[in-house]
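Taking it in order: structure first as structure tokens, then the write-up.
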Amino acid sequence: MTQVVKGFIWQKCYILLKRGFVRMKKEGKCSVLNGGDVCSVRTNEDSVDCDSSSVSNEFDTDSCNEDVMEHGIDGYLCISMHGQILDVNEAYCQLIGYSRAELLGMTLKDLDASDHRDDFVDTLPDLIKQSKDRFELTHRSKDGRLFNLEVSATCVESPNKLFIFILKDITGINRADKLIQVNGDTYRSLFKHNKAVMLLIDPENSDIIDANIAACAYYGWSQDEMTGKKIYEINILSSEKVQAEMQKAVREKRNYFIFRHRLANGDIRDVEVYSSPVTVDSKNLLYSVIHDITERKLAEDELKTREMQLRTAQKIGHVGSWSIDLNSGEVFASEEAFRIYGLDVKTLMDVKTLIIDDIQKVTLPEYRPMMNEALKSLIRERIPYDIQFKIKRPNDGAIRDIHSIAEYYAARNSVVGTIEDISERKKAEDTLLHAKMVAEAANRSKDEFMATMSHELKTPLTSVIGFSDILLDEGFGVLDERQVRYVNHISDAGKHLLKLINDVLDLSKVEAGKMELQYEIFSVSDAVDEVQTLLSPLSMNKHIKVDAKVDSQVDTINADRIKFKQILYNLGSNAIKFTHENGYVTIDARCSDGVILVSVKDTGFGISDEDLDKRFHPFKQLNSYLTNEYVGTGLGLALAKKFVELHEGRIWVESKVGEGSTFTFSIPVGKMG
């Protein structure tokens, strides 16, 4: 080999030594170490540190130069323009398994295991130029093993053109390792200054080897504190469990984990961890990226709670939810929907979805066209989907009534709705309907009875009252005192019975909704005076004074005149009936906020608290111990209440036992003219 070639090789080795391309060797009498601008050249006897100039000087010594060429690099090849191997170092011979003599008789093509080995030498000048003199090759050893080699190549004139290859064995080194080795500063920058929380962990002893700035800020410890901890001091799992999980990551059986980590302030946070093995300086480590998912976990837990509450509410209310994906035809249904349809809930757990045909099979055939039309109308015309239909459950064959409501979700081209089993409600409705029909039939019978009673009783009663009045007028002769007394009894009893019949008929008409009001505008003062006159005979018999007070602001009212006077008369006669002799009854009328307020106050016995709730019930007398003394049916107050309510008014009472009662009713003034 010419001195020019040797000089070039020595210079190339020095440059690669500075780049860290030449790996540390300790063979023979000289070793070359990786370094930057400063390197060390050691002999067996002593060690000398040197800078670039001293290294160059050292390379000028033949013994050191030869040792670097033979052992300081993984391989060196000198190749002719035709690919013939002209020179090779001892390290490459040991790597590839051939002797120097064998290799000097071979070509580069004999060693190259790549697909382009036939024309590799021809394209080598361009390759060197395009790749900036560095590329990769795969060589096959004598025993068939493949070696990945990183090549630093140069073309020299000595005096013929030759190719010089300085080789580095990169077999088994992955891309991440290359990145660390070749671009160490860039890698460390990406790790240290990345916004994500990152850790480097030794899986053998759980030591935290390195933590980036984001990790220190997140956990709340300094860099020294972080790298002085073991990962199980942060992870709340036991050291054994943490070790087991790390081994899964090392063996690449799993790279995603959910853990709970402890911060410096004592807070426990939920984190998701992505871990993968990485080799740094021939050391197997775990590279972990940590994301805080505490808020997401809280949201997920809240969502699970809401879903549980929804499932519980659906079970209690027997309401299920469903949706149809119109793109795929799949039907998604809740557990309660499966139960309502009589489908096996286990099927839900297995298949999660159904198709429309599965649902239509459950629906009775006569309802299917209606359901399809309702669905089409919802989608095309946005007509509300609110239908009732019947199904036959496949699990027990029961026929059930179903109510379903749905809406169209245009953004996803899907229909979302609910179903409710209303069978029990339908049965109750049918029972109520039947009861209503029975009640209506009974009411019709009552009406017919009342009409018959009105005709059959009122006609003879009118005759009895009329003839008794004729007898009292002595049109057929003079009656003695005893006869007059008996005829008066007949007349009074007939009039009382007739009033009772009229009250019962009026009450039945009101309850049947057949009572109609005849509205007219009349003077309230005149109506009160007329009632006061009608009450005079009753009050005079007991020496009770009846006073009437009508406020000057009260003028006219638009109401049923007869019903108004009957309300007032019933209240007034009731007050006189239950007031002691020489007592007082006061009628007071006033106007307030568009309504007429009329009060009837007495100084009678009063009403006890327990009887107040029964005061307006028909056929009820509140003071039962006075029933024999004061004859009555208990219909007067009931009718008064019904007539007030027909006028959209209300009636109430205030009473105190021993002091009397005040009955008050209100009726809207109504439209005038």
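Shape of segment 433-571 from its Cα gyration tensor (a ≥ b ≥ c, root eigenvalues): rounded if a/c is under 1.5, otherwise prolate when a/b > b/c, or oblate? Mind dumping the intermediate values first?
Numbers: a/c = 2.66, a/b = 1.09, b/c = 2.44.
The shape class here is oblate.
Report, by chain and number, residues whose modeled amide H sits under 5 Å from the one on G606, excluding near sequence neighbours (fewer than 5 apart, same chain).
Long-range HN contacts for G606: G658, G660, S661.
Going highest first, how would you order 594-606, 377-389 by mean Cβ packing within 10 Å? Could the numbers behind the result be given before it?
Numbers: 594-606: 20.4, 377-389: 13.6.
For the peptides 594-606, 377-389, the packing ranking is 594-606, 377-389.
Count charges around K642 for me, please; just the other residues with Cβ under 14 Å from its Cβ, Lys/Arg as +1, Asp/Glu as -1. Write down the numbers at each step before the final one.
Values: positive: K509, K514, K563, R615, K641, R650; negative: D503, D506, E511, E516, D560, E645, E648.
Neighbour charge sum, excluding K642 itself: -1.
Summarise the accessible area of segment 369-489 (1.4 Å probe, protein heavy atoms) by the percent that is carbon and sulfur.
Looking at segment 369-489 in its full context, I get 57 percent from C and S.
Stretch A435-L310 to full length: gain in nm at 0.36 nm per residue minus the Cα-Cα span? Present the calculation step by step, with values, prior to reporting the outcome.
Details: separation 125, 0.36 × 125 = 45.00 nm, distance 3.62 nm.
Gain on stretching A435 to L310: 41.4 nm.
With all protein chains present, calculate the accessible area of T462 using a 1.4 Å probe and round the result to the nearest 10 Å².
Near enough 80 Å² of accessible area.
Using a ≥ b ≥ c from the Cα gyration tensor of segment 475-551 (square roots of the eigenvalues), is it rounded, prolate or oblate, where a/c under 1.5 gives rounded and otherwise the larger of a/b and b/c decides, a/b for prolate?
Details: a/c = 2.73, a/b = 1.38, b/c = 1.98.
Note, shape of segment 475-551 comes out oblate.
A 23 angstrom limit on the alpha carbon distance is what I want to check against. Which of K315/K436; K253/K283; K168/K253; K495/K577; K109/K161 exceed it? Write down the numbers at each step before the final one.
Values: K315/K436 32 Å; K253/K283 20 Å; K168/K253 32 Å; K495/K577 17 Å; K109/K161 18 Å.
Long pairs (Cα-Cα over 23 Å): K315/K436; K168/K253.
Between Y409 and N502, what is the spin-label point distance in nm, taking each point 7 Å from the Cα along the Cα→C-beta axis?
7.0 nm
Distance between Cα centroids, segment 420-488 to segment 209-256: provide it in whole Å.
Distance between centres, Cα-based: 96 Å.
At 1.4 Å probe size, with the rest of the protein present, what percent of the exposed accessible area of segment 498-598 is carbon and sulfur atoms?
Working: 2390 of 5040 Å².
It is 47 percent, rounded to a whole number.
Once each part is reduced to its C-alpha centroid, what is the distance from segment 372-402 to segment 87-153 in angstrom?
That distance is 77 Å.
Between S276 and D207, 0.36 nm times their residue separation minus their Cα-Cα distance comes to what? Can you show the working numbers first?
Values: separation 69, 0.36 × 69 = 24.84 nm, distance 1.58 nm.
Roughly 23.3 nm would be gained on extension.
Cut-off under 12 Å on the C-alpha distance; same-chain residues fewer than 8 positions from K549 excluded. Which aspartates and glutamates are left, in chain and number order?
D526, D529, D588
For labels at N372 and R393 in the simple 7 Å Cα→Cβ model, what's the distance in nm?
2.8 nm
Over 25 Å between Cα atoms: which of K426/K614; K509/K614; K304/K376; K192/K229 fall into that group? Intermediate values should be presented prior to the final figure.
On the way: K426/K614 35 Å; K509/K614 21 Å; K304/K376 34 Å; K192/K229 18 Å.
Checking Cα-Cα distances, K426/K614; K304/K376 exceed 25 Å.
Residues with beta-carbon under 15 Å from that of L472, excluding L472: net charge, scoring Lys, Arg +1 and Asp, Glu -1?
-3
Could you list which residues have their amide H under 5 Å from that of H617, counting only those 5 or more apart in sequence or on another chain, with H placed in the peptide plane?
So H617 has HN proximity to no qualifying residue.
In nanometres, what is the gap between the two model label sites at D122 and S99, each 7 Å from Cα along Cα-to-Cβ?
In this crude label model, D122 to S99 measures out at 3.5 nm.
The values are calculated or read from the model by the stated rules, or taken from the named source; none is laboratory data. Just so it is clear, the structure is predicted and the values come from calculations on it, not from any experiment. FYI the Cβ positions are ideal-geometry reconstructions off the backbone, even for glycines, and counts take in every protein chain you see. Keep in mind that these areas ignore ligands, DNA and RNA; they rest on the heavy atoms of the full protein, side chains included. Shrake-Rupley method; radii C 1.70, N 1.55, O 1.52, S 1.80 Å.
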